[in-house]
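Asker: First the structure, which I've put down as structure tokens, then a few questions once you've had a look.
The values are calculated or read from the model by the stated rules, or taken from the named source; none is laboratory data. A quick note: this is a predicted structure, and the numbers were derived from the prediction, not measured. Heads up, the Cβs are rebuilt from the backbone with ideal geometry, glycines too, and the neighbour counts pull from every protein chain shown.
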Amino acid sequence: MKRVLSVSYGELTLKGANRSRFEDRAIFKVRKSLKNFDIEKIYKEQGKFYIEGNPDNFPAMIEKMKKVFGIVSISPALRVEKTLENVDEAVQLLVKKYPEAKTFKVQAHRTDKSFPMKSPEMNGHLGGVVLKNFPDIKVDVHHPDLIIYVEVKKYIYIYAEKIQGFGGLPVGSGGRGLLLLSGGIDSPVAGYLMAGRGMELGALHFHSYPFTPIRGEDKAKQLASILADYCGPLSFYSINLLPIQKAIRQNCREREMTILSRRFMMRIGEEICKKYSYQAMITGESLGQVASQTVESIGVINHAVNLPILRPLIGMDKRQITEISQDIESYEVSILPYEDCCTVFLPDRPVTKPRLEDILESERKLDIDTLVEQAVENMEITKIQVRE
Ligand code: ATP
Ligand code: MG
């Protein structure tokens, strides 16, 4: 008998080649998340994978694996060679671990049809074993305190707990996205959600040093490092937007500051995407949340670039977004008070329904290519590692 971790992963609808690619990706990510533990072996068996290691570390390993996208649930399991006596023994061991359980049921599942006992028969037999050895516990097939899962595969696995993981798809299976990461609440949540759909992330941050403090940038880096827990190490691209903001202020209407600087952010983002192979940009915009996030603004912003801009929060309200940010523990950092670049030269009454013609006209007064080029030339890149 051996104690192992049984891991179920991936969305059930995944099929064929996709499924096997996701499996390998999920195992790769799990292996990485467990690099500080001694792992004897990880192997796949019929839709799940299993980890052999030191059972004393299982609780800590489970904590790490819970954050790996693609993992649906994790169960500490007993694994036995395929004989009925072995299962009888394992089931009793398992029940002993839950002395507080008053009711139970057995849920057997036989994928190896060569095993002589069918699932309903096993349920009956193992139920009998429990009743005989534990006089205080009764059967309840509807709402049992304890469900004893028995899976007959190459080995037989017996377990009672399913510890929930984050679900989603393993990072790296869904391409690469460049997250426009401010210091706010929304953008880290947007990055997290796209990582949960399998995207590998990079983070692009704009500051207006010396008008904005270095600590504002540190805060964005801290947020990136929280994201790294979920999406793995990521590149942090840091751009000083101040020269562009100054050029806008000198040449354009004050009310257009926000929309014009947004279009520059996207252009710069697109350059970085081309250079470092990202296929899309990601923002934390949510429709109607602030004056600049109207459908008209979004249209004018999109028009500046050709790459897709993904906005996973577009239909969410602040409460939903805040809840996720608390779950992923970015909230506490996001609410630190440092200013970011958007507060520099902030107009009193920004345009909320910009017209593309007006914006294009204003931009004719700017040397767009040179401004973008210079901003990218002065970019700083930091590698954000996964925290230990
Ligand atoms: P957040 O909470 O993410 O800062 P917000 O509600 O403050 O968003 P805006 O300021 O309109 O909304 O920003 C919308 C989106 O534009 C942000 O979610 C982010 O993706 C991007 N963005 C804004 N400011 C910056 C910045 N300084 N650096 C990088 N991206 C930014
Ligand atoms: Mg913001």
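Asker: Scan the helices (runs of 4 or more DSSP H) fully inside the range 224-316 and keep the ones with 1 or more residues being under 21 Å from the mean Cα position of the chain (by Cα).
Answerer: Ranges flagged: 257-276.
Asker: I'd like to check something: does the range 332-340 contain any residue that is in contact (Cβ under 8 Å) with a residue 40 or more places away in the chain and under 20 Å from ALA247 (Cβ atoms)?
Answerer: yes
Every residue, every condition in (1) more than 30 Å from SER277 (Cβ to Cβ); (2) touching a residue at least 12 places away in the same chain (Cβ under 8 Å); (3) buried (at least 21 other Cβ atoms within 10 Å of the Cβ), yes or no:
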{"position": "PRO116", "(1), (2), (3)": "yes, no, no"}
{"position": "VAL129", "(1), (2), (3)": "yes, yes, no"}
{"position": "LEU146", "(1), (2), (3)": "yes, yes, no"}
{"position": "TYR157", "(1), (2), (3)": "yes, yes, yes"}
{"position": "GLU161", "(1), (2), (3)": "yes, yes, no"}
{"position": "LEU169", "(1), (2), (3)": "no, yes, yes"}
{"position": "GLY175", "(1), (2), (3)": "no, yes, no"}
{"position": "SER187", "(1), (2), (3)": "no, yes, yes"}
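Asker: For GLU85, only one of the following conditions fails: (1) at pLDDT 95 or above; (2) surrounded by 13 or more Cβ atoms within 10 Å (Cβ to Cβ); (3) more than 21 Å from the chain's Cα centre (by Cα). What is its number?
Answerer: The number of the failed condition is (2).
Asker: Scan the range 207-225 residue by residue and report those that are of a type in the set (S, T, N, Q) and in contact with an Asp or Glu (Cβ under 7 Å, 6 or more places away or on another chain).
Answerer: THR212
Asker: So, one more: Of the numbered conditions (1) modelled with pLDDT of 95 or more; (2) not in a helix (DSSP H, G or I), ILE321 fails exactly one; give the number of that condition.
Answerer: The failed condition is (2).
Asker: Got at least one residue in the range 139-151 being more than 38 Å from the chain's Cα centre (by Cα) and within 27 Å of LYS48 (Cα to Cα)?
Answerer: Within the range 139-151, none of the residues are more than 38 Å from the chain's Cα centre (by Cα) and within 27 Å of LYS48 (Cα to Cα).
Asker: From the residues in the range 239-293 that are within 16 Å of ligand 2 (Cβ to nearest atom) and of a type in the set (S, T, N, Q), which one is surrounded by the fewest Cβ atoms within 10 Å (Cβ to Cβ)?
Answerer: Among residues in the range 239-293 that are within 16 Å of ligand 2 (Cβ to nearest atom) and of a type in the set (S, T, N, Q), the one surrounded by the fewest Cβ atoms within 10 Å (Cβ to Cβ) is GLN289.
Asker: Sort out for me the strands (runs of 3 or more DSSP E) sitting completely within the range 126-197 that have 2 or more residues that are among the hydrophobic types (A, V, I, L, M, F, W, C) and away from ligand 1 (no atom under 16 Å from the Cβ).
Answerer: Here the list reads 146-152, 156-159.
Asker: Please state which one of LYS64, LYS32 is surrounded by 17 or more Cβ atoms within 10 Å (Cβ to Cβ) and part of a helix (DSSP H, G or I).
Answerer: LYS64 is the lone residue from the list that is surrounded by 17 or more Cβ atoms within 10 Å (Cβ to Cβ) and part of a helix (DSSP H, G or I).
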